[in-house]
Amino acid sequence: MTGSNEFKLIEPPEDGISSVKFSPNTSQFLLVSSWDTSVRLYDVPANSMRLKYQHTGAVLDCAFYDPTHAWSGGLDHQLEMHDLNTDQENLVGTHNAPIRCVEYCPEVNVMVTRSWDQTVKLWDPRTPCNAGTFSQPEKVYTLSVSGDRLIVGTAGRQVLVWDLRNMGYVQQRRESSLKYQTRCIRAFPNKQGYVLSSIEGRVAVLGSKPRGGSDGFVNIWDPFNKKRLCQFHRYPTSIASLAFSNDGTTLAIASSYMYEMDDTEHPEDGIFIRQVTDAETKPKSM
């Protein structure tokens, strides 16, 4: 089901979608990483795949460094940088285990990766080269960049806040208010807080923010007033990843089965592009 404000991208990945990320300065280009070992670049308004490159294993995350360079990592332990103009790739470095998260921090001009090897690594994108390896107290499940701060969710429901300008010590350490293991952390664009979700489907807010889950629904919430602003129609299967464009007018929705019910028949994975309105995303005045 799609409407006049929504369409589905053609040539989707052939296996589970792990991440969708818009270009930092335009809603025209979207990066998509997948368990089919590919990273794809889409021209969204043209509804066409502009480029595809491969890893040797499933790709678990991707990110833009700038409009012409993509970084990605996954089960092959390798961090790759790809020039989207020349279609040339560069193996930047490795972790000792799969790379789960890849983020860019423009305030400090570093790429950040986290791995199941219990480390966070910083990378200088200009060289490119490793700029530091920082052991974490437990296995890292998620991270998010907020200005010059790095928010890390680890095993044991711990949340650590690091200063990317000085990674010599943990700036803040707290325990998640949710009962079960942390699944995802995302910082607000205004850097005034973050939202945290756990494996049982609950969310805590520590602005509107989209949230999607295994039920196939995308909800837009005003977290400070604890009110749902709207709910979109149900998508074919689980919501694996969401991304707003930089100007907040376009939302990419990855509908992709995440094997919550093991290996069973499921709808085809797809990426939906939705033009959102102020009525859907702006808190209503009292």
Task: In order through segment 117-123: 3J(HN,Hα) via Karplus (6.51 cos²θ - 1.76 cosθ + 1.60), integer Hz, x for Gly, Pro - done: 7, 6, 10, 10, 10, 9, 9
Open item on the list: Net charge around SER256, counting only other residues with Cβ within less than 10 Å of its Cβ (Lys, Arg = +1; Asp, Glu = -1)?
Closed with: -3
TODO: Starting from the eigenvalues of the Cα gyration tensor, five times each then square-rooted, give me the equivalent ellipsoid semi-axes of the chain, largest first, whole Å.
DONE: 26, 24, 19
- [ ] Mind listing the long-range amide H neighbours of HIS77? Cut-off is under 5 Å, sequence gap 5 or more, other chains count too, H placed in the peptide plane at 1.01 Å from N.
- [x] ILE99
Task: Debye, to nearest 20: dipole size of the chain, +1 on Lys, Arg Cβ, -1 on Asp, Glu Cβ - done: 1420 debye
TODO: Measure off, as a whole percent, the carbon and sulfur share of the 1.4 Å-probe accessible area of the chain, all protein chains present.
DONE: 47 percent
TODO: Round to the nearest 10 and report in Å² the accessible area of LYS179, as given by a 1.4 Å probe over the protein chains' heavy atoms.
DONE: 150 Å²
Open item on the list: To make sure I understand the rule: partners must be aspartates and glutamates, Cα under 17 Å from the Cα of LYS52, and not fewer than 8 residues away in the same chain. Which ones qualify?
Closed with: GLU11, GLU14, ASP15, ASP36, ASP43, ASP61, GLU80, ASP83, ASP87, GLU89
Task: Unit charges on C-beta of K, R, D, E only; dipole of segment 1-154, Debye - done: 240 debye
Open item on the list: Viscosity 1.002 mPa s, temperature 20 °C: give me the Stokes-Einstein translational D for segment 220-273 in µm²/s, with Rh taken as the Kirkwood radius over C-alpha pairs.
Closed with: 166 µm²/s
TODO: Please report, to two decimal places, log10 I(q)/I(0) for segment 101-234 at q = 0.10, 0.14 Å⁻¹ as given by the Debye formula with identical point scatterers on the Cα atoms and no solvent.
DONE: -0.34, -0.66
TODO: Treat each spin label as a single point 7 Å out from the Cα along the C-beta direction, and report the MET258 to TYR180 distance in nm.
DONE: 1.1 nm
TODO: Estimate the FRET efficiency between CYS129 and SER4 by the formula 1/(1 + (r/R0)^6), using the beta-carbon distance for r and 45 Å for R0, to the nearest 0.05.
DONE: 0.40
Open item on the list: What's the magnitude of the charge dipole for segment 88-183 around its Cα centre, counting Lys and Arg as +1 and Asp and Glu as -1 at the beta-carbon? Answer in Debye, nearest 20.
Closed with: 380 debye
- [ ] At 7 Å along the Cα-to-beta-carbon direction for both ASP215 and ILE199, put a label point, then send me their distance in nm to one decimal.
- [x] 2.1 nm
- [ ] Compare the Cα positions of VAL145, LEU31, VAL203 along the charge dipole of the chain (+1 at Cβ of Lys, Arg; -1 at Cβ of Asp, Glu; about the Cα centre) and return the one farthest towards the positive end.
- [x] VAL203
Open item on the list: Please list 3J(HN,Hα) in residue order for segment 33-48, calculated via the Karplus relation 6.51 cos²θ - 1.76 cosθ + 1.60 where θ = phi - 60°; whole Hz, with x for glycine and proline.
Closed with: 9, 8, 6, 7, 6, 10, 10, 10, 10, 10, 8, 5, x, 7, 6, 9
TODO: Pull up all non-local amide H partners of TYR141: gap of 5 or more, or a different chain, and H-to-H distance under 5 Å with H placed in the peptide plane.
DONE: GLY153, THR154, ALA155
Open item on the list: Which residue, VAL159, PRO125, SER135, has the largest displacement toward the positive end of the dipole of segment 108-163 when charges sit on each Cβ (Lys, Arg +1; Asp, Glu -1)?
Closed with: VAL159
TODO: Assuming a ≥ b ≥ c are the square roots of the Cα gyration tensor eigenvalues, decide whether segment 1-72 counts as rounded (a/c under 1.5), prolate (otherwise, with a/b larger than b/c) or oblate.
DONE: oblate
- [ ] For SER33, SER197, give the ranking by accessible area with the largest first, probe 1.4 Å.
- [x] SER197, SER33
Task: Label-to-label distance, nm, for residues given as GLU14 and ASN85 (7 Å Cα→Cβ offset) - done: 3.1 nm
Task: Of all DSSP beta bridges in the chain, antiparallel share, percent nearest 5 - done: 100 percent
Task: Out-of-range pairs (alpha-carbon distance over 29 Å; input LYS121/LYS191; LYS8/LYS226; LYS21/LYS226) - done: LYS8/LYS226
Open item on the list: Taking the solvent-accessible surface of protein heavy atoms with a 1.4 Å probe, what is the per residue accessible area of the chain in Å²?
Closed with: 46 Å²
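The values are calculated or read from the model by the stated rules, or taken from the named source; none is laboratory data. Since this is a predicted model, take the numbers as computed values, not measurements. Cβ atoms come from the backbone with ideal geometry, glycine included; neighbour counts cover every protein chain shown. For accessibility, only protein heavy atoms count, side chains too; no ligands or nucleic acids. Shrake-Rupley method; radii C 1.70, N 1.55, O 1.52, S 1.80 Å.
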